[in-house]
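Engineer: Shown below is the structure under consideration.
The values are calculated or read from the model by the stated rules, or taken from the named source; none is laboratory data. Keep in mind the model is a prediction, meaning the values are calculated, not measured. Neighbour counts are summed over all protein chains in view; Cβ atoms, including those assigned to glycine, are modelled from backbone coordinates with ideal geometry.
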Amino acid sequence: MDATTKTAETLNQAIDNASSHVIRSTLKKISRDLPDAFEMISNSLLVSEELVPGPDNSSIKDSAESEDSNDQDKPDKKCSKRLRERYAECPNCEQEFDTTTNTSKSCRFHPGVAQMDEDYFEDCYEERRIPSDSEETMKEYPEAYAWDCCKGEGDAAPCMTDWYREGVPAQKMRAS
Ligand SMILES: [Zn+2]
Ligand SMILES: [Zn+2]
């Protein structure tokens, strides 16, 4: 193995092990100092708004069409190529997603709340110790939970399919 290959290997290792803070400041420095890198990183992390599909974007298109027909003073939409962040985190399934490949079937989640049935533990355990209501408990005893959206147990497959969303989570349906 020659020296360059060895260095590249060590560098890859360093990238894998560096904290996100170090990686962020390194990327910012590179994109500031090298115009080519600025373009490459922009192409990876930014996207033109019109390339982002979504439930909200279809309404934007509708209003743009109506503007074309009755409002001549508006600037040409094609001139304003607005860039936005390409990756986002969906508040409903808590996954990071690529906004350019989002579809109405991308996100799967429970819109409701998982309710713990304390009776389950009282029936099962002589000492009547009820574990705290937490994600860990739900993972360990899914049969002690019921989703109020679909009545499925704690580990039931998500009952709702939707676009990945940005910003506010879907309104939780409360049983009480
Ligand atoms: Zn989601
Ligand atoms: Zn559900």
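Engineer: Identify, from the list R32, R24, R86, the residue that is surrounded by 14 or more Cβ atoms within 10 Å (Cβ to Cβ), basic (K, R) and at pLDDT 95 or above.
Structural biologist: R86
Engineer: All but one of (1) of a type outside the set (A, V, I, L, M); (2) within 16 Å of ligand 1 (Cβ to nearest atom); (3) surrounded by fewer than 15 Cβ atoms within 10 Å (Cβ to Cβ); (4) at pLDDT 95 or above hold for K172, so report the exception by its number.
Structural biologist: Unmet for K172, out of (1) of a type outside the set (A, V, I, L, M); (2) within 16 Å of ligand 1 (Cβ to nearest atom); (3) surrounded by fewer than 15 Cβ atoms within 10 Å (Cβ to Cβ); (4) at pLDDT 95 or above: (4).
Engineer: Here is a check on your reading of the model: is C124 modelled with pLDDT under 95 and more than 16 Å from ligand 1 (Cβ to nearest atom)? I'd like the intermediate steps shown before the answer.
Structural biologist: Numbers: modelled with pLDDT under 95: yes; more than 16 Å from ligand 1 (Cβ to nearest atom): yes.
Yes; evaluated as a whole, the condition is true for this residue.
Engineer: Could you tell me whether Y141 is at pLDDT below 95 and surrounded by 15 or more Cβ atoms within 10 Å (Cβ to Cβ)?
Structural biologist: Working: at pLDDT below 95: yes; surrounded by 15 or more Cβ atoms within 10 Å (Cβ to Cβ): yes.
The answer is yes for Y141.
Engineer: For T161, work out the one condition from (1) at pLDDT 90 or above; (2) more than 14 Å from ligand 2 (Cβ to nearest atom) it doesn't fulfil.
Structural biologist: (2)
Engineer: Separate question: In segment 135-168, what residues are touching a residue at least 40 places away in the same chain (Cβ under 8 Å) and acidic (D, E)?
Structural biologist: Selection gives D162, E166.
Residues are listed down the side, and each one gets a yes or a no for (1) in contact with a helix residue (DSSP H, G or I) (Cβ under 6 Å, 6 or more places away or on another chain); (2) away from ligand 1 (no atom under 11 Å from the Cβ); (3) in contact (Cβ under 8 Å) with a residue 24 or more places away in the chain:
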position	(1), (2), (3)
L83	no, yes, yes
R86	yes, yes, yes
C90	no, no, yes
E96	no, no, no
T100	yes, yes, yes
S104	no, yes, yes
C107	no, no, yes
Q115	no, yes, yes
D119	no, yes, no
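Engineer: I'm trying to understand the selection: among the residues of segment 54-83, which are at pLDDT 50 or above and assigned to a loop (DSSP other than H, G, I, E, B)?
Structural biologist: Within segment 54-83, G54, S80, K81, R82 qualify.
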